[in-house]
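> Structure incoming, see below.
The values are calculated or read from the model by the stated rules, or taken from the named source; none is laboratory data. Since the structure is predicted, the reported quantities are computational estimates derived from the model, not experimental observations. For neighbour counting, all protein chains shown are included, and Cβ atoms are generated from backbone atoms with ideal geometry for every residue, glycine included. Ligands, DNA and RNA are stripped out before the accessible areas are found, and what is left, the full protein with its side chains, is counted by its heavy atoms. Shrake-Rupley method; radii C 1.70, N 1.55, O 1.52, S 1.80 Å.
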Amino acid sequence: MTRYLGYQAELWRTSLRDAQHQDFVYVAEETDGTIIGFASGGPNRDHFSKYKGEVSALYLLLQYQRKRIGSLLMKAIVEELVKKNIKSLMVWVLAGNPSINFYEKLGGRQSTTKQIQIGEDDFKAIAIGLTDINNFLL
Ligand SMILES: CC(C)(COP(=O)(O)OP(=O)(O)OC[C@H]1O[C@@H](n2cnc3c(N)ncnc32)[C@H](O)[C@@H]1OP(=O)(O)O)[C@@H](O)C(=O)NCCC(=O)NCCS
């Protein structure tokens, strides 16, 4: 798992520096400006999916979890998607990740699965879909 996280960190460093990066990114900051988490989303990379938007990342430092900051970041992503006339979204989550509960609490339902291989390691990822993200903005 540590190797997976290191790989992800490198991917994100490269992606965020890339001027062609199409997704929008929100960061959560401490009062002194320290970044404590971030979320990224945009149109679904899988154009054939019934979920038209995608949350590509949502991460908070451990000590800032369970304080509703993740819910606020999700709302920010949903607002951007709705502005683009996108009404549904999905997110890929590794099987066993407690964040599945977070997305299900927000109305998400487990959908398809896929195997992803990173280096020599295999992981199962689960797509969690939300069909009507307008509910978020009520
Ligand atoms: C998943 C994550 C973004 C959620 O953000 P958060 O600010 O911690 O979540 P919230 O406080 O908004 O949680 C809202 C509700 O979701 C559920 N929930 C959130 N995190 C949960 C967890 N780890 N286990 C079980 N339920 C959880 C709870 O019902 C929670 O309400 P409660 O605290 O009143 O019980 C955050 O915990 C995180 O960064 N986790 C590690 C990284 C990760 O796994 N990201 C997802 C990869 S796609």
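> Below 12 angstrom from the Cβ of GLY53, what's the summed charge of the other residues (Lys, Arg +1; Asp, Glu -1)?
Result for the local shell: 0.
> Report the relative contact order of the chain, percent, no decimals, based on alpha-carbon pairs under 8 angstrom and at least 6 residues apart.
20 percent.
> Just check the stretch 68-133 against the gyration tensor rule for me: Cα atoms, a ≥ b ≥ c as the square roots of the eigenvalues, rounded for a/c under 1.5, and otherwise prolate or oblate depending on whether a/b exceeds b/c.
Judged from the Cα gyration tensor, the stretch 68-133 comes out prolate (a/c at least 1.5, a/b above b/c).
> Separate question: Quick one: which residues, 5+ away or cross-chain, put their amide H under 5 Å from the amide H of ALA57? H built at 1.01 Å from N.
SER40
> Right, here's the next one. How much net charge surrounds ILE86 when only the other residues with a Cβ under 10 Å from the Cβ of ILE86 are counted, with Lys and Arg +1 and Asp and Glu -1?
Its environment carries a net charge of +2.
> Mind putting a number on the dipole of the stretch 1-125 about its Cα centre? Charges go on the C-beta only, +1 for Lys and Arg and -1 for Asp and Glu, and I need it in Debye to the nearest 20.
540
> Give me the dipole magnitude in Debye, nearest 20, for the stretch 72-121 about the Cα centre, with unit charges on the beta carbon: positive for Lys and Arg, negative for Asp and Glu.
Dipole magnitude for the stretch 72-121 comes out near 360 debye.
> Hey, can you grab everything whose amide H is under 5 Å from the amide H of SER88? Only 5+ residues off in sequence or another chain; H modelled, so Pro and N-termini drop out.
HN-HN under 5 Å from SER88: LYS52, GLY53, ILE133.
> I would also like to ask the following. If eta is 0.692 mPa s and T is 37 °C, what Stokes-Einstein diffusion coefficient results for the chain, Kirkwood Rh from Cα pairs, in µm²/s?
Answer from the Stokes-Einstein relation: 209 µm²/s.
> Just to make sure I understand: if all protein chains stay in place, what is the order of ARG109, ARG17 by accessible area at 1.4 Å, largest first?
ARG17, ARG109
> Can you give the net charge of the other residues whose Cβ lies under 14 Å from the Cβ of GLN115, counting K and R as +1 and D and E as -1?
-1
> Still on this structure, I have one more. Taking a ≥ b ≥ c as the square roots of the Cα gyration tensor eigenvalues, with a/c under 1.5 meaning rounded and otherwise prolate when a/b beats b/c, else oblate, which class fits the stretch 12-78?
Taking the square roots of the gyration eigenvalues as a ≥ b ≥ c, the stretch 12-78 is oblate.
> How big is the accessible area of THR14 in square angstrom, nearest 10, if you roll a 1.4 angstrom probe over the protein chains?
Rounded to the nearest 10, that gives 80 Å².
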